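Enquirer: Here you go, one structure.
The values are calculated or read from the model by the stated rules, or taken from the named source; none is laboratory data. Computed from a prediction, not measured in an experiment: that's the story for all the values here. No Cβ is skipped: glycine too gets one built from the backbone with ideal geometry, and neighbour counts run over all protein chains shown.
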Amino acid sequence: MVKLLSCTHGCPGQPQPVRVTRSFRHQPSHAELVVHGIPVNVCAACGQSFVEEETALQLQALLQSLPSPWQGKTHVEFGACFEDKPARL
Ligand SMILES: [Zn+2]
């Protein structure tokens, strides 16, 4: 799937696909979930990042699929959850 993206209005940059690590806070336990390898598109010119809708939905599903409540700080691999093998933490 090749999709050309343009950045926000007025920016000459073109977002490129990269993988990033993001952390999420679970409320109200304050446990932290660190998700590695999230595919996003980042504009090198202005640093703006864009998350595709599909990715956002997968991320949401990932967060909801985790045993609750999270404990302390948990690391997961984004891609691992959507392959045949179950994720190993
Ligand atoms: Zn830009």
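Enquirer: Here is a check on your reading of the model: is SER6 within 16 Å of the ligand (Cβ to nearest atom) and either assigned to a loop (DSSP other than H, G, I, E, B) or at pLDDT 85 or above (or both)? Before the answer, list the steps.
Expert: Numbers: within 16 Å of the ligand (Cβ to nearest atom): yes; either assigned to a loop (DSSP other than H, G, I, E, B) or at pLDDT 85 or above (or both): yes.
In short, yes.
Enquirer: If I filter segment 9-32 down to residues being closer than 18 Å to TRP70 by Cβ and touching a Leu at 6+ places or on another chain (Cβ under 7 Å), which single residue comes out as farthest from the ligand (Cβ to nearest atom)?
Expert: To start, the set of residues in segment 9-32 that are closer than 18 Å to TRP70 by Cβ comprises 21-32.
Subsequent filtering for residues that are touching a Leu at 6+ places or on another chain (Cβ under 7 Å) retains 23-24, 26.
Numbers: SER23: 24, PHE24: 25, HIS26: 32 Å.
Among residues in segment 9-32 that are closer than 18 Å to TRP70 by Cβ and touching a Leu at 6+ places or on another chain (Cβ under 7 Å), the one farthest from the ligand (Cβ to nearest atom) is HIS26.
Enquirer: What's the number of the condition GLY13 fails, among (1) loosely packed, with under 14 Cβ neighbours inside 10 Å; (2) in contact (Cβ under 8 Å) with a residue 12 or more places away in the chain; (3) in a loop (DSSP other than H, G, I, E, B)?
Expert: Answer for GLY13: the failing condition is (1).
Enquirer: List pairs: first in segment 52-64 and under 19 Å from HIS26 (Cβ atoms), second of a type in the set (Val, Ile, Thr), Cβ under 8 Å, 6+ apart or cross-chain?
Expert: The qualifying pairs are LEU59/VAL35; LEU59/ILE38; LEU59/VAL51; LEU62/VAL35; LEU62/VAL76.
Enquirer: For GLU53, indicate whether it is under 23 Å from HIS75 (Cα atoms), more than 16 Å from the ligand (Cβ to nearest atom) and either loosely packed, with under 12 Cβ neighbours inside 10 Å or of a type in the set (Phe, Trp, Tyr) (or both).
Expert: Values: under 23 Å from HIS75 (Cα atoms): yes; more than 16 Å from the ligand (Cβ to nearest atom): yes; either loosely packed, with under 12 Cβ neighbours inside 10 Å or of a type in the set (Phe, Trp, Tyr) (or both): yes.
The answer is yes for GLU53.
Enquirer: Let me ask something else. Inspect segment 38-46 for any residue being more than 16 Å from the ligand (Cβ to nearest atom) and either aliphatic (A, V, I, L, M) or part of a loop (DSSP other than H, G, I, E, B) (or both) and give the result as yes or no.
Expert: Step one: list which residues in segment 38-46 are more than 16 Å from the ligand (Cβ to nearest atom), which gives 38-39.
The next check asks that each one be either aliphatic (A, V, I, L, M) or part of a loop (DSSP other than H, G, I, E, B) (or both); those that pass are 38.
Within segment 38-46 (the criterion being more than 16 Å from the ligand (Cβ to nearest atom) and either aliphatic (A, V, I, L, M) or part of a loop (DSSP other than H, G, I, E, B) (or both)), the answer is yes, since at least one residue qualifies.
Enquirer: Could I ask something else about it? What number of residues within segment 48-71 satisfy the criterion of being at pLDDT 85 or above and not charged (D, E, K, R)? Reasoning before the result, please.
Expert: Narrowing segment 48-71 to residues at pLDDT 85 or above: 48-62.
Now drop any that are not not charged (D, E, K, R), which leaves 48-51, 55-62.
Summing the residues that are at pLDDT 85 or above and not charged (D, E, K, R) in segment 48-71 gives 12.
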